[in-house]
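Q: Next up is a structure, given as structure tokens.
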Amino acid sequence: NAGVTQTPKFRVLKTGQSMTLLCAQDMNHEYMYWYRQDPGMGLRLIHYSVGEGTTAKGEVPDGYNVSRLKKQNFLLGLESAAPSQTSVYFCASTVSPGFYGYTFGSGTRLTVV
Amino acid sequence: GDSVTQMEGPVTLSEEAFLTINCTYTATGYPSLFWYVQYPGEGLQLLLKATKADDKGSNKGFEATYRKETTSFHLEKGSVQVSDSAVYFCALIPVGNTGFQKLVFGTGTRLLVSP
């Protein structure tokens with residue numbers, strides 16, 4: 001049981017480049033989330049999904065897009081990377097938020113230069 | 001709105017000392033409460049949880065009791081180890097409400113344990 005797997009683990013982008021972060025879970029969870037973690041800012045929700053084919057904006061969605069074409073995968077896209085998007089990105093999933101909380105991936109450290 | 005307040009860090013302790021990290025919350029409804037731990041370079045791991053008033057969550061020697069009357073969920077451990085050095089996050093999910101349920105995190109408290 002792999003849990004929540006994020007790829008890649010590290011990436012350096014140049015300003016204006018695009019990339020996709022992949023989150024995969026093998027627990028048949030309905031709910032999936034993308035967070036960013038920055039020093040002094042805590043964890044901030046970017047986008048989330050309450051089921052296959054659904055997505056919604058979180059607190060800081062600008063500059064990001066997401067897709068949930070398959071239940072087990074939640075993709076986070078950066079169309080034109082900016083230095084302000086340098087951060088550590090965490091994916092999480094759950095079957096029941098109120099009872100189980102979330103299961104987190106190990107993170108993707110992204111640097112935009 | 002819903003919020004979680006944690007004590008400022010870092011908390012610096014010697015090995016085998018007693019640990020308390022304070023957490024208080026503001027929420028509508030009856031939230032579920034969680035403590036997460038983040039070791040250096042890793043993601044957040046669920047440490048313990050409590051889903052109703054007076055519940056005590058426990059794991060790996062850590063404990064926290066859901067106190068509705070004081071809206072608190074303080075984390076305690078009787079004897080810390082160097083390996084407990086990490087950042088600890090208190091969090092809540094308001095339940096009993098309609099709509100999307102989102103984890104609300106505190107800002108985290110860094111614990112440093114020296115030998």
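No lab work stands behind these numbers, since they all come straight from the coordinates. These numbers come from a predicted model, not from an experiment. Because the Cβ atoms are built from the backbone with ideal geometry, glycine has one as well, and the counts that use them run over all protein chains shown.
Q: So what is the relative contact order for chain B, in percent, with contacts set as C-alpha pairs under 8 Å and at least six apart?
A: Taking the mean separation of contacting Cα pairs over the length of chain B, I get 36 percent.
Q: Let me confirm one metric for peptide B:31-44, namely the mean number of other chain beta-carbon atoms within 10 Å of its residues' beta-carbons.
A: Numbers: counts 1, 6, 1, 3, 1, 4, 0, 5, 0, 0, 5, 4, 14, 12.
That average works out to 4.
Q: Along its principal axes, what span do the Cα atoms of the range B:17-61 show, with the longest given first and each in whole Å?
A: The Cα atoms of the range B:17-61 stretch 35, 25, 16 Å along their principal axes.
Q: With θ set to phi - 60°, apply the Karplus curve 6.51 cos²θ - 1.76 cosθ + 1.60 along the range A:54-69 and write out the HN-Hα couplings as whole Hz, x wherever there is a Gly or Pro.
A: So the Karplus estimates, Gly and Pro as x, are 10, 9, 8, 7, x, 6, 10, x, 5, x, 10, 9, 9, 8, 9, 6 Hz.
Q: Now a separate question. Rounded to the nearest 500, what is chain A's calculated 222 nm mean residue ellipticity when only DSSP H runs of at least 4 contribute -39500 (n - 2.57) each, over all residues?
A: -500 deg cm²/dmol
Q: Work out the P(r) tail for the range A:1-87: percent of alpha carbon pairs separated by more than 20 Å, whole number.
A: The calculated P(r) of the range A:1-87 puts 34 percent of pairs beyond 20 Å.
Q: What are the ³J(HN,Hα) values, in whole Hz, obtained from phi via the Karplus relation 6.51 cos²θ - 1.76 cosθ + 1.60 with θ = phi - 60°, for each residue of the range B:46-56 in sequence order, with x given for Gly and Pro?
A: Rounded to whole hertz, the list is 5, 9, 6, 8, 8, 10, 8, 4, 6, 5, 10.
Q: Give me a comma-separated list of calculated 3J(HN,Hα) values for the range B:21-36, in order, Karplus coefficients 6.51, -1.76, 1.60 applied at θ = phi - 60°, integers in Hz, x for any Gly or Pro.
A: Each residue's phi maps through the Karplus curve to give 10, 7, 9, 10, 9, 10, 7, 8, x, 10, x, 8, 10, 9, 10, 10 Hz.
Q: Let me ask you something else. List B:109, A:54, A:108, A:86 from most exposed to least, where exposure is judged by having the fewest other Cβ atoms within 10 Å.
A: The fewest-first ordering by Cβ neighbours comes to A:54, A:86, B:109, A:108.
Q: Run the simple label-point estimate for residue B:71 and residue B:53 please: 7 Å along Cα→C-beta, distance reported in nm.
A: Using points 7 Å along Cα→Cβ, the separation is 1.4 nm.
Q: Out of all DSSP beta bridges with both ends in the protein assembly as shown, state the antiparallel percent to the nearest 5.
A: Percent antiparallel among DSSP bridges in the protein assembly as shown is about 90.
Q: Relative contact order, percent, of the range A:1-60 when contacts are C-alpha pairs under 8 Å separated by at least 6 residues?
A: Dividing the mean separation by the residue count of the range A:1-60 yields 25 percent.
Q: List the lysines whose Cα lies under 30 Å from the Cα of residue A:70, skipping any in the same chain that are fewer than 8 positions away.
A: Cross-link targets: A:9, A:14, A:57, B:49, B:102.
Q: Non-local amide H neighbours of residue B:30 (under 5 Å, H modeled in plane, Pro and chain starts lacking H): which ones?
A: Under 5 Å from the amide H of residue B:30 lie the amide H atoms of B:95, each far enough along the sequence or on another chain.
Q: Let me ask something else. With the radius of gyration and the Kirkwood radius both derived from the Cα set of chain B, what is their ratio Rg to Rh?
A: Reported Rg/Rh (Cα atoms, Kirkwood Rh): 0.97.
Q: Here is a further query. Taking 8 Å as the Cα distance limit and 6 or more residues as the minimum spacing, I'd like the relative contact order of chain A as a percentage.
A: 35
Q: Moving on. Averaged over all directions, how much area does the convex hull of the C-alpha atoms of the protein assembly as shown cover when projected, in nm²?
A: 12.5
Q: Right, next: Please list the non-local residues whose amide H lies under 5 Å from the amide H of residue B:86, H modeled 1.01 Å from N, same-chain partners needing a gap of 5 or more.
A: Under 5 Å from the amide H of residue B:86: B:111.
Q: Now for a separate question. Any chance you could check the Cα centroid distance between the range A:1-38 and the range B:1-79 for me, in angstrom?
A: The range A:1-38 and the range B:1-79 have Cα centres spaced 27 Å from each other.
Q: With the crude spin-label approximation of a point 7 Å out along Cα→Cβ, what separation in nm comes out for residue A:113 versus residue A:86?
A: It works out to 1.0 nm between the two label points.
Q: Please list, in chain and number order, the residues 5+ apart from residue A:4 or on another chain whose amide H is under 5 Å from its amide H, with Hs placed from the backbone.
A: none
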